[in-house]
Amino acid sequence: MPMLRLLNPATGQLVREVPETDSSQVAAAFTRAGRAQRPWAALGLERRCQVLRTFRDLVIGEVPRLAELLVADMGKPISQARGEVGRVRERLDFFLANLAAATRDQVVFDEGGMEERLVHEPLGVVANISAWNYPWFVGINVIAPALLCGNALLYKPSEHATATGLAIIALLHRAGVPADAAIALPGGKTTGAALAATPVDGLFFTGSHAVGMKIAQVAGSRLGRVQLELGGKDAVYVADDVDVAAAAESTADGSFYNAGQSCCAIERLFVSRGIYDQFVAAFLEQVARLRMGDPMDPATTIGPLAFDGQRAVLERQIAQAVERGAIIACGGRREPGPGWFFQPTVLLQVDAQMAVMREETFGPVIGIMAVDSDAQAVQLINDSSYGLTAGIYTRERARAQALLAAVDTGTAYWNCCDRVSPRLPWTGRRGSGLGATLGQAGILAMTKPKAYHLRSP
């Protein structure tokens, strides 16, 4: 049986081996989940909410252990890992508080003996191929509303967050979710491909654009529900009227938090030319305060990349930028020693055609470019194959709203960045994906509407 080797990104050493789920096991899991779905849905919403409340309490009660698993999985600094696991409560509480209202039956017309009623039914068996960078957040965005809506779940955690994924499913079972209503399918690309080819009623994928397109081609041909949360090349414009120090602090955090391994991390910074030099100096001061090291050390703010292959991507983008005239203001190379560390890197004198300003980076590398006007900034932000988030830093709300109205992204930020709220839909445009999680839209994504036309005799 093929084994999945789980390596510690901070050391490169083997942590454990896990059997990979093969195609026959995926098919068997689908059959079991299909049998379990109706009894799980028949329990009723209140009972399902009770189970997910128990799950929430189990998670919060085991934050230290679960955070350490996350560190060993993908190298996130322990302080950030504790924050991710602990803040899962906010998302669970949102779903628990809002799901009943979002999915309640609605009488939309009742006149002359004719009643028109809208009902939301479970999709059936939902598959979730999840991500490694925020395995708790990304996983719960799908898992919680899927189960609360009465679906059964087939869950393939990322191969770079397998231990965390297995822990999530184990806690769901402890909370009272039947074993066959939530099934973990650990594995790599082969397992993911087998799951994508399975005739599930809904497939929710978070990952790269390239893999997402392959999944869309396979799963989309069945005309089932397919949602894709893909990449980003998120941009921020710092206007000429900002508090420079405050803007530099905020955008540096948005660029390098989780070692830049976030779909909504800032990857392009456009700064008004009049404050460019001042902003760059303040930004570099913030980067100098970052501490790279052992992710189990609470003082560490930059851990390793989750897998070694991404360092070659960063090196290629940096080398191409330097060849075209960019300057490395800091960082620019791998950190010597064990593990998959890469130094926080700031590139200056970049242009909008460089790979580092066009292709997804997903690491601690940022390019900063001077611009001459608000209009140029908006044009550059929109000049991307992605459309996930964009931000504007300015003192004037009206100015920010006008600029953000012209930005073609699913999420728009004013004086903030790298932020997700359970109350708002998380959705991308163009190459950043299809569909939405979170918010009311993320709840309804787990259901299929049925329209009743009821005439009294």
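Among the residues of segment 69-85, the ones that are open to solvent by 30 Å² or more (accessible area, probe 1.4 Å) and in contact with a helix residue (DSSP H, G or I) (Cβ under 7 Å, 6 or more places away or on another chain) come to 3 in all. Here Glu249 meets the list (1) closer than 30 Å to Ala127 by Cβ; (2) among the acidic types (Asp, Glu); (3) over 19 Å from the mean Cα position of the chain (by Cα) almost entirely, failing just condition (1). For segment 436-457, enumerate the residues that are at pLDDT below 95 and touching a Ser or Thr at 6+ places or on another chain (Cβ under 7 Å). If the condition is that a residue be at pLDDT below 95 and touching a Ser or Thr at 6+ places or on another chain (Cβ under 7 Å), then no residue fits. Scanning segment 323-336 for residues that are under 29 Å from the mean Cα position of the chain (by Cα), touching a residue at least 24 places away in the same chain (Cβ under 8 Å) and open to solvent by 60 Å² or more (accessible area, probe 1.4 Å) gives a single hit, Glu335.
Checked against the criterion of being open to solvent by 40 Å² or more (accessible area, probe 1.4 Å), in a loop (DSSP other than H, G, I, E, B) and closer than 16 Å to Leu70 by Cα, segment 299-320 has at least one qualifying residue. If you go through segment 119-127 one residue at a time, do you hit one that is among the charged types (D, E, K, R), touching a strand residue (DSSP E or B) at 6+ places or on another chain (Cβ under 6 Å) and in contact (Cβ under 8 Å) with a residue 40 or more places away in the chain? Looking through segment 119-127, at least one residue is among the charged types (D, E, K, R), touching a strand residue (DSSP E or B) at 6+ places or on another chain (Cβ under 6 Å) and in contact (Cβ under 8 Å) with a residue 40 or more places away in the chain. Does segment 226-233 contain any residue that is within 15 Å of the chain's Cα centre (by Cα) and closer than 21 Å to Ile328 by Cβ? Yes, because at least one residue in segment 226-233 is within 15 Å of the chain's Cα centre (by Cα) and closer than 21 Å to Ile328 by Cβ. Look through segment 24-49, keep the residues that are of a type in the set (S, T, N, Q) and surrounded by 15 or more Cβ atoms within 10 Å (Cβ to Cβ), and return whichever of them is nearest to Ala152 (Cα to Cα). If we take residues in segment 24-49 being of a type in the set (S, T, N, Q) and surrounded by 15 or more Cβ atoms within 10 Å (Cβ to Cβ), then Gln37 is nearest to Ala152 (Cα to Cα).
All conditions in (1) surrounded by fewer than 17 Cβ atoms within 10 Å (Cβ to Cβ); (2) within 29 Å of Asn8 (Cα to Cα); (3) touching a residue at least 60 places away in the same chain (Cβ under 8 Å); (4) small (Gly, Ala, Ser) hold for Gly339, with the sole exception of (1). When Pro422, Pro449 are checked against the criterion of being touching a residue at least 60 places away in the same chain (Cβ under 8 Å) and either among the hydroxyl-bearing types (Ser, Thr, Tyr) or under 17 Å from Phe94 (Cα atoms) (or both), a single residue qualifies: Pro422.
The residues of segment 269-293 that are surrounded by fewer than 16 Cβ atoms within 10 Å (Cβ to Cβ) and either part of a helix (DSSP H, G or I) or in contact (Cβ under 8 Å) with a residue 40 or more places away in the chain (or both), listed by number, are Arg273, Gly274, Asp277, Gln278, Ala281, Glu285, Ala288. For segment 1-116, the helices (runs of 4 or more DSSP H) that sit wholly inside it and include 1 or more residues that are of a type in the set (Asp, Glu) and without any contact (Cβ under 8 Å) to a residue 24 or more places away in the chain are 45-61. Condition first: part of a loop (DSSP other than H, G, I, E, B) and crowded, with 24+ Cβ neighbours inside 10 Å. Now tell me which residues in segment 364-383 satisfy that. Selection gives Pro364 alone. The residue of segment 388-407 that is nearest to Leu203 (Cα to Cα), among those that are open to solvent by less than 60 Å² (accessible area, probe 1.4 Å) and assigned to a loop (DSSP other than H, G, I, E, B), is Leu388.
The values are calculated or read from the model by the stated rules, or taken from the named source; none is laboratory data. It should be emphasised that the depicted structure is a prediction, and the values quoted were computed from it without experimental measurement. Neighbour counts are summed over all protein chains in view; Cβ atoms, including those assigned to glycine, are modelled from backbone coordinates with ideal geometry. When the accessible area is computed, the model is the full protein with side chains, heavy atoms only, and any ligands, DNA or RNA have been set aside. Shrake-Rupley method; radii C 1.70, N 1.55, O 1.52, S 1.80 Å.
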